[in-house]
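Below is one structure, written out as structure tokens; the observations come after it.
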Amino acid sequence: MPDEQAWREIAIGGTEINPGSTERVNTGAWRSEMPIIDFSRCTHCMICWVDCPDACFEISDTRLAGIDLDHCKGCGICAAVCPTHCITMVPESSVPVKSSESGA
Amino acid sequence: MTTKQKASITLPAPLAINGGEAVAYAMRQIDPEVVAAYPITPQTFIIERFSEYVADGLVSTEYINVESEHAALSACVGACAAGGRAQTATSGPGLALMFEIVWVASGMRLPLVMHLCSRALSAPLNILCDHSDAMAMRESSWIMMFGSNPQEAYDQAIVAPTVAEHPDVLLPFANVLDGFTVTHSVERVDVLPDEDAKSFVGEYEPERWALQPGGGATFGGLDANDFYFEHKRQQVEAMDNSLEVVRRQLDKYAELSGRKMSLVEEYLLDDAEVALVVLGSSEGMVRAAIDQARADGIKVGMLRVRLFRPFPVADVRKALSGVAAVGVLDRAIAFGAPANALMQDIVMATRTLPERPLLMDFVYGLGGRNTPKQMFREAIDHVVLAKEQGAEPESPAYLGLR
Amino acid sequence: MTLKLRELTEKTEQFGSGHALCAGCAEPVAVRQVLAALVNPPVVALATGCLEVATTRFPDTTWKVPVIHSAFENAATTISGVEAAYKALVRKGRMEPRPLTFLVFGGDGATYDIGFQWLSGALERGHKFIYVCLNNEGYMNTGIQRSSATLLGAWTTTTPAGDVRPGKLQWHKDMTRIIAAHNIPYVAQAAVHNWKDLMTKVRKAEAADGPAFINVITPCDRGWRFDTDKTMEVSRLMVESGLWPLYEVENGVWRMTGGGQKRRPVIDALKSQKRFSHITTNGDESVVAEIQRRVDAEWESLQQLCEMSARAESES
């Protein structure tokens, strides 16, 4: 674990040298509700993508492909802003999904 | 509006200039990427003269006329983290306003350079010299070097970036010069030819910098209780490393300039039975007082501490070993402390000497109070008396106090 | 210049995930929108605040672009140093010139209060940079204290609603107009729910010939007391009630941007935020009336500036 490194082993001056490395932090554990996308109604307008605080919407070739549940905190903004109401928030405990899998 | 730079720089070497102008001359030769400063007496000679170099296209520097000293050091932090060499200059209250960023600069390990023209801290408002400002930053992980005259103001300014930027150091550097007595005194100053100075200081080549093409590092982030301690320990190591780097760079500079500078400067200490320890420009009057006392048959010498942080403990011990009684000249008060700042250091440095000298502390020169030869002679007589009585006074003496 | 979301998704994300900002926080949304809108690669300076502490905890960083944090109040000055170093490094021939955008993110505390002098100085000196204020109307990082951006009547932990005081007693500082008085090329107010308006303003700010300032309302669900999924709705209500007008001042020309502004009474926006519950539910109606009166007056003043600009433009 990086937080066990001794003083000689870390970057000086507190400079963080691994861009984007907070991705190793599983903020999905914060979640109490999970977004579920009904792709049959999704128009790939990307409003959910642009309004997500946690950059959780996975895009493939300009189309919505899934949700990064390792980082989704379950705020529900996506469900609130979706013009076609194709995203639903459901209680975390009701969906037995491993966090590394897509929420789709 | 665009500014042009002159193709070649040919300035006649100055003959007689003041300490502020000497610093500005060195800064022109160093040609830092960024200089950011705010006017404050007695620092203004530096920034006025440097502004003329900028106006005449004699430097490539971006000179930022900031709106405060806090901003001056903040701009230097940004410039240095971006990959540029950065310098500022200030005095007393200006340093006090910068104080938050003094610690940021060293904590971020940014090797910027500040020329500190020492001035008393308010209140009461006082624009004249003492070392209250320098003493307030003595634990902030900056390398601090005290010069004693315009020549040293120049010489130390040339050496400063080469110490600060050394890969084993990477700490900011304060070139401490007494306000007025150094900054405003006109003396003969020998300068290096531009090409020699430029070749000595080279360019700042950091390993990581924010403007690095393709770079994506985050500078100055948050440490929780899991890393802050470790980063502070690294600063201890860097401070320790800097001492020998300073020594090497001063020696290297002496080869180029013919002017020998040491971490501590000794005067007639070899056979001395008593001694005075001093920082900065008062050394001239102290030497004069010593000459007078020597003529009266007193075996007295002087130790001037040039490198104040890191404190050159071994050099001080060596210089003071064999001296029976030492008077320490403090130009600032450490209110409520068991001793004033320089005295604290001398006590610690000498405490394990086999025959520790008797020590006594003198406070002098606060707020620009005159520092005549006779005052230091008086101090010598006090030290001689202490030696004869074999007793250390518990409290400091106040020289020149009514 | 049209901004299409699906095209924007093709740009590599420069601000990642795994940061510690609260669920439903508007700040990372605004940051992602700003970064997505930029044409040039940025160098960023951060003020101390939620965004900084939640994205830069050693040894990790959420950022994939260079970022410098120094202190709370001095981010605008930090970026002036970066911009100055860039110019000098290029002038010295030590670095190839390349398109870069110098960018600052600071909260309202860093912008309106503690960093006011530093920002004003940097704007006056004319450094080429964009300052984005992420305005959530309070010191949320330290626990929801009032700032000079906090609305009249709002509950905060330092302006609690008590028996004799109904929350904050003062009207907020109009920072955007204060910045406009610096006569810099581009100044705007934007809101996080209106991505298109915000991103368009970022593009204009980036293209401006000098400093630019964008004040973005970023509602804070913890500090304003609303559910995490209501962030965009609350932002919209702030605009629709006239509490947060969307406009720009481009080279001295004042212009309202986007539609649907000020079509509701302020009470609609206030009711969406429980920080006002003491005045919206059986509370002191005079406070709500005072807010409405001030909003109406400021709106009128803003319209006059826009009309004067329009007249001057048509005459020239």
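Some notes on this structure:
- Scanning the range C:217-266 for residues that are more than 14 Å from chain A (Cβ to nearest Cβ), in contact (Cβ under 8 Å) with a residue 40 or more places away in the chain and of a type in the set (Gly, Ala, Ser) yields C:Gly223, C:Ser241, C:Gly242, C:Gly252, C:Gly258.
- The requirement of being buried (at least 24 other Cβ atoms within 10 Å of the Cβ) and part of a loop (DSSP other than H, G, I, E, B) is fulfilled somewhere in the range C:219-236, by at least one residue.
- Matching residues, the range C:237-259, being in a strand (DSSP E or B) and under 13 Å from the mean Cα position of the chain (by Cα): C:Tyr247, C:Glu248
- Residue identified as assigned to a loop (DSSP other than H, G, I, E, B), over 23 Å from C:Ile68 (Cα atoms) and modelled with pLDDT of 95 or more among B:Cys129, B:Cys117: B:Cys129
- Within the range C:159-175, the set of residues being surrounded by fewer than 21 Cβ atoms within 10 Å (Cβ to Cβ) and under 22 Å from the mean Cα position of the chain (by Cα) comprises C:Gln170, C:Trp171, C:His172, C:Lys173, C:Asp174.
- Scan of the range C:39-64 for residues that are in contact with a helix residue (DSSP H, G or I) (Cβ under 7 Å, 6 or more places away or on another chain), of a type in the set (Val, Ile, Thr) and within 7 Å of chain B (Cβ to nearest Cβ), ordered by number: C:Val43, C:Thr61
- Screening C:Phe72 on (1) without any contact (Cβ under 8 Å) to a residue 24 or more places away in the chain; (2) in a loop (DSSP other than H, G, I, E, B) shows it passes everything except condition (1).
- Residue within the range C:209-216 that is under 16 Å from the mean Cα position of the chain (by Cα), within 14 Å of chain A (Cβ to nearest Cβ) and surrounded by fewer than 24 Cβ atoms within 10 Å (Cβ to Cβ) present: no
- Hits in the range B:355-380 - residues which are outside any loop (DSSP other than H, G, I, E, B) and aromatic (Phe, Trp, Tyr): B:Phe362, B:Phe376
- Residue within the range B:54-71 that is more than 23 Å from C:Arg91 (Cα to Cα), among the charged types (D, E, K, R), within 12 Å of chain C (Cβ to nearest Cβ) and crowded, with 21+ Cβ neighbours inside 10 Å present: yes
- Close pairs (8 angstrom Cβ cut-off, 6 or more residues apart or separate chains): more than 7 Å from every other protein chain (Cβ to nearest Cβ) and farther than 24 Å from B:Gln212 by Cβ in the range A:1-27, modelled with pLDDT under 95 and not in a helix (DSSP H, G or I) anywhere: A:Asn26/A:Ser99
Yes/no per residue for (1) part of a loop (DSSP other than H, G, I, E, B); (2) touching an Asp or Glu at 6+ places or on another chain (Cβ under 6 Å); (3) at pLDDT 95 or above:
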residue: B:Ala210; (1), (2), (3): yes, no, yes
residue: B:Pro213; (1), (2), (3): yes, no, no
residue: B:Phe229; (1), (2), (3): no, no, yes
residue: B:Arg233; (1), (2), (3): no, no, yes
residue: B:Glu237; (1), (2), (3): no, no, yes
residue: B:Arg247; (1), (2), (3): no, no, yes
residue: B:Lys252; (1), (2), (3): no, no, yes
residue: B:Met261; (1), (2), (3): yes, no, yes
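- Unique match (being within 7 Å of another protein chain (Cβ to nearest Cβ) and at pLDDT 95 or above) among A:Ile67, A:Ile59: A:Ile59
- Which numbered condition C:Gly283 fails, given (1) part of a helix (DSSP H, G or I); (2) among the small types (Gly, Ala, Ser); (3) more than 21 Å from the chain's Cα centre (by Cα): (1)
- Residue satisfying condition, being part of a helix (DSSP H, G or I) and surrounded by 22 or more Cβ atoms within 10 Å (Cβ to Cβ), within set B:Val383, B:Val323, B:Val328: B:Val383
- Flag for B:Gly179 being touching a residue at least 24 places away in the same chain (Cβ under 8 Å) and either hydroxyl-bearing (Ser, Thr, Tyr) or more than 9 Å from chain C (Cβ to nearest Cβ) (or both): yes
- Exclusive hit being farther than 30 Å from B:Arg109 by Cα and buried (at least 20 other Cβ atoms within 10 Å of the Cβ), set A:His85, A:His71: A:His71
- Only one entry of C:Asp209, C:Asp197, C:Asp163 meets the criterion of being part of a helix (DSSP H, G or I) and acidic (Asp, Glu), and that entry is C:Asp197.
- Residue match in the range C:65-74 (condition: over 21 Å from B:Tyr63 (Cβ atoms), within 9 Å of chain B (Cβ to nearest Cβ), surrounded by fewer than 22 Cβ atoms within 10 Å (Cβ to Cβ) and out of contact with any helix residue (DSSP H, G or I) (no Cβ under 9 Å at 6 or more places or on another chain)): no
- C:Val192 within 13 Å of chain A (Cβ to nearest Cβ) and either farther than 21 Å from C:Leu151 by Cα or out of contact with any Lys or Arg (no Cβ under 9 Å at 6 or more places or on another chain) (or both): yes
- Among residues of the range B:210-231 that are at the interface with another protein chain (Cβ under 7 Å from one of its Cβ atoms), those with a beta-carbon under 7 Å from a residue that is of a type in the set (Phe, Trp, Tyr) and assigned to a loop (DSSP other than H, G, I, E, B) at least six positions away or on a different chain give the pairs B:Gly215/B:Trp209; B:Gly221/C:Phe58; B:Leu222/C:Phe58; B:Asp223/C:Phe58; B:Phe227/C:Phe58.
The values are calculated or read from the model by the stated rules, or taken from the named source; none is laboratory data. From a predicted model like this one, the values you see are computed outputs, not experimental measurements. In this analysis, Cβ positions are derived from the backbone assuming ideal geometry, glycine residues included, and neighbour counts consider all displayed protein chains.
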